[in-house]
Amino acid sequence: MSNTSLRCLQLVLSSLILLCLPMTGAQAEDDNEKATVGNTYIDMRSGPGRAYPIFYAAEHDEIVELIKRRTDWIKINTKRGKTGWAHVSDLSELYDLDGKQLAFSNAGKDDYLSRRWELGFNGGDFEGANVLGATVGYRFTQNLTAELKLSQASGQFSDSLVAAAAIMHQPFPEWRISPFFIIGAGAIDTSPDTTLVQTEDRLDNTLLVGAGAYVYLSRRFVLRLEYNNHLALTSRDENEEINEWKMGFNVFF
C-alpha cells in the first residue's frame, strides 16, 4: 500500500475517533423500568446475541431493571448486580411492579427511527469504474447524521481510494421511502495502472455533494440508493468532477 493510501486510512481512523468522542460522556439513565420475573428463570447472556454465552439465570420473582434495547435483545440488571442480555422471546412473563404484564414489540420501523449507529455496504459506478464501499454513521439528531465513507474504485486505467467525512440531512425520516442530502469533504488517492501509464500516484482533496433515498425493508434493514458528485481539487489548472452512483444495504443498531 502506498504512503498516500496510508494517509487516507489515517484520515478515516482519526475522523472515526472524533466521531465517537461525544459518546464517552453518555450518562446512565436514572429512570430505568423495573420488573418482576414471572418465568421459572430467564437466561442472561454476556452480549446481545445467541453466540454470546449464558452466564446467569434470573430466577422466578426476582426483580430486574430494564436498561436498554438493541433490536430483539434487552439489557437487564438484577438486584444481585448481574448485568446481561435477554432475548424478548424469553421475557414473555415479565411484570411491572404493579403486576401488569409487559409486552415487547418486534424490532421494526420504530426501532429504525430511534437508531443511533448505522453500518452499510454498497457498490456501483465511479465515473466508469467499478466501486465498492462502506459507510458508518452516527445519528445525533432526528434529521442529521455524521458519516464516514470509504470506497475503492477499480478502473481500466487506474484505481482510486476515496475517504470522506460527511453530514447527511434526512428531512422526512418517518417515510418508508425517505430522501436524504449529503455534503462533505475528503481525499482521493489515484493510482494509475503502471503497465499502461507511467504516472506517479496522486492524492487530491475532494468536496462532495449528494442525494439519495432510504427504502425501509424490514426489521433493522434498509436499502440505500445514492448519487455523489465529487470535486477533486487538483494541482492542475482545472479541477476534476467525478460522478458516483451506488446502491447497497444498511443495518442500524
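The values are calculated or read from the model by the stated rules, or taken from the named source; none is laboratory data. From a predicted model like this one, the values you see are computed outputs, not experimental measurements. As a convention, Cβ positions derive from the backbone with ideal geometry for all residues, glycine included, and neighbour counts pool all protein chains shown. Areas reflect the complete protein model, heavy atoms only, side chains present, ligands, DNA and RNA absent. Shrake-Rupley method; radii C 1.70, N 1.55, O 1.52, S 1.80 Å.
Taking K149 and the conditions (1) under 17 Å from the mean Cα position of the chain (by Cα); (2) over 30 Å from S114 (Cβ atoms), which numbered condition does it fall short on, given that it satisfies the others?
Only one criterion in (1) under 17 Å from the mean Cα position of the chain (by Cα); (2) over 30 Å from S114 (Cβ atoms) is unmet by K149, namely (2).
State all residues of segment 58-73 that are touching a strand residue (DSSP E or B) at 6+ places or on another chain (Cβ under 7 Å) and either of a type in the set (K, R) or open to solvent by 80 Å² or more (accessible area, probe 1.4 Å) (or both); if no residue qualifies, say none. Don't jump to the end; show me each part of the working.
First pass over segment 58-73, keeping only residues touching a strand residue (DSSP E or B) at 6+ places or on another chain (Cβ under 7 Å): 58-68, 72-73.
Answer for segment 58-73, where residues must be touching a strand residue (DSSP E or B) at 6+ places or on another chain (Cβ under 7 Å) and either of a type in the set (K, R) or open to solvent by 80 Å² or more (accessible area, probe 1.4 Å) (or both): E59, H60, D61, K68.
In segment 79-91, what residues are open to solvent by less than 60 Å² (accessible area, probe 1.4 Å) and under 27 Å from R220 (Cβ atoms)? Before the answer, list the steps.
Of all residues in segment 79-91, those open to solvent by less than 60 Å² (accessible area, probe 1.4 Å) come to 81, 84-88, 90-91.
Residues satisfying the conditions are G84, W85, A86, H87, V88, D90, L91.
Taking the condition of being open to solvent by 60 Å² or more (accessible area, probe 1.4 Å), more than 15 Å from N122 (Cα to Cα) and in contact with a strand residue (DSSP E or B) (Cβ under 6 Å, 6 or more places away or on another chain), how many residues in segment 218-233 meet it?
2
Kindly check whether there is at least one residue in segment 1-9 that is at pLDDT below 85 and basic (K, R). Outline the logic, then answer.
As a first pass, look at segment 1-9 and keep what is at pLDDT below 85: 1-9.
From what is left, the residues that are basic (K, R) are 7.
Yes, segment 1-9 contains at least one residue that is at pLDDT below 85 and basic (K, R).
Given the options A103, A58, name the one that is without any contact (Cβ under 8 Å) to a residue 24 or more places away in the chain and aliphatic (A, V, I, L, M). Explain how you work it out, then say what you get.
Details: A58 fails: without any contact (Cβ under 8 Å) to a residue 24 or more places away in the chain.
That would be A103, the only listed residue that is without any contact (Cβ under 8 Å) to a residue 24 or more places away in the chain and aliphatic (A, V, I, L, M).
Suppose we filter segment 35-48 for residues that are within 15 Å of L91 (Cα to Cα) and of a type in the set (G, A, S); how many remain? Steps first, please.
Here is the first cut: in segment 35-48, the residues within 15 Å of L91 (Cα to Cα) are 35-45, 48.
Among the residues that remain, those that are also of a type in the set (G, A, S) are: 35, 38.
Of the residues in segment 35-48, 2 are within 15 Å of L91 (Cα to Cα) and of a type in the set (G, A, S).
Could you check segment 234-249 and list, in sequence order, the residues that are open to solvent by 100 Å² or more (accessible area, probe 1.4 Å), within 14 Å of V209 (Cα to Cα) and either in a loop (DSSP other than H, G, I, E, B) or modelled with pLDDT of 95 or more (or both)?
Taking segment 234-249 as the starting set, the residues that turn out to be open to solvent by 100 Å² or more (accessible area, probe 1.4 Å) are 235-238, 241, 245, 247, 249.
From what is left, the residues that are within 14 Å of V209 (Cα to Cα) are 241, 245.
Matches in segment 234-249: W245 only.
Could you tell me whether segment 35-48 includes any residue that is at pLDDT 85 or above and either closer than 29 Å to L150 by Cα or in a helix (DSSP H, G or I) (or both)?
yes
Which residue, of E118, E65, E59, E93, is within 30 Å of W245 (Cβ to Cβ) and either in contact with a Cys (Cβ under 6 Å, 6 or more places away or on another chain) or modelled with pLDDT of 85 or more (or both)?
Numbers: E65 fails: within 30 Å of W245 (Cβ to Cβ); E59 fails: within 30 Å of W245 (Cβ to Cβ); E93 fails: within 30 Å of W245 (Cβ to Cβ).
Of the residues listed, the single one that is within 30 Å of W245 (Cβ to Cβ) and either in contact with a Cys (Cβ under 6 Å, 6 or more places away or on another chain) or modelled with pLDDT of 85 or more (or both) is E118.
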